[in-house]
Amino acid sequence: MSNIANHIAIIMDGNGRWAQQHGLKRSKGHERGAEVVREITIFCSNHPDVKYLTLYAFSTENWKRPKLEVDFLMKLLERYLRRELPVYLENNTKFETIGDLSRFSKSLQKLIAEIKEKTAHCNGLVQNLALNYGSKDEIVRAANAVVSSNKTLTIESLEEHLDCNCDVDLLIRTGGDHRLSNYVLWQSAYAELFFTETLWPDFTKENLQNIIDKFTKIERRFGGLK
Ligand code: FPP
């Protein structure tokens, strides 16, 4: 028996604490965090099991942070996406997003659409960035879409309208907290959950491979019997 980590979702927590530990501004923690996003994405694009990597980059609740930090995160995302295109193409990685993009600036929305279009032909890993994402918001938007289509609300009809219609196999949270923070709640109904003390900027591909190794050995029963 060996499970396949087809869909990995990660809550990338701990950028601020990493910066504090190094006597740096919080923004430096986010910058280092963005480099780790690149390293982990490249690792997953070369991993035989992983087909979807869904990363929590900005939540529906993150707007509550000071404007300076929100503005910095928007700029960082823009910078990351501009630099990332050749990396996506080299690694045959398709860029997709989940979340409600309508709250972002028009220029960021345009850039996101451009990177999606330019990587649409890639058929390796899908890197799914969760941007202005919250599961409650996603489920309500999907339910409203089903209602508008005059269909009966069922598991299948709702799933058709979710931003992400792919069950999560392995959900990881870095940074030591044990909570789900409104992240891929529907998709994680039977996900295996892993929590690590490691702060996101310190998280390595070796850490991820160790978690995948543990995951492959778990007995997954999906509510049935083995
Ligand atoms: C949590 O750290 C992380 C975030 C708010 C979002 C994740 C952002 C990144 C990994 C960097 C940017 C990503 C991309 C794709 C460009 P925190 O600030 O909550 O850390 P703390 O709990 O230690 O304060």
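Computed from the coordinates by the stated procedures, all read-outs in this text should not be read as laboratory data. Predicted, not measured: the structure shown is a model, and the values here were computed from it. Reconstructed Cβ throughout: ideal geometry from the backbone, glycine too, with neighbour counts over all protein chains shown.
Once the convex hull of the alpha carbons of region 67-206 is built, what does its volume come to per residue, in cubic angstrom?
Cα-based convex hull of region 67-206, divided per residue, equals 151 Å³.
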Under 13 Å from the Cα of Lys136, which aspartates and glutamates turn up, not counting those fewer than eight places away in the same chain? Glu61, Asp100, Asp163
List the residue ranges in the chain for DSSP H helices whose C-alpha atoms run 30 angstrom or more along the long axis and whose Kyte-Doolittle average is -1.0 or above. 67-90
Give the calculated FRET efficiency between Lys116 and Arg221 to the nearest 0.05, with a Förster radius of 35 Å applied to their Cβ-Cβ distance. 0.45
Could you compute Rg(Cα) / (2.2 N^0.38 Å) for region 1-109, with N its residue count? 1.16
Options Leu73, Asn92, Cys164, ranked by Cα towards positive dipole end of the chain, top entry (Cβ charges): Leu73
Using alpha-carbon pairs under 8 Å, 6+ residues apart, how would you state the relative contact order of the chain in percent? 29 percent
Separation between the His22 and Ser102 pseudo-spin-labels, each 7 Å from Cα along Cα→Cβ, expressed in nm? 3.8 nm
Protection proxy ranking of 157-167, 126-136, 215-225 - average other beta-carbon atoms within 10 Å, highest first: 126-136, 157-167, 215-225
Quarter of Cα convex hull surface for region 160-226, i.e. mean projection, nm²: 5.7 nm²
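If the limit is 26 Å between Cα atoms, which of Lys75/Lys116; Lys67/Lys205; Lys64/Lys110 go over it?
Over 26 Å apart, Cα to Cα: Lys67/Lys205.
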Hull volume per residue for region 3-47, using the convex hull of the C-alpha atoms, in Å³ is 78 Å³
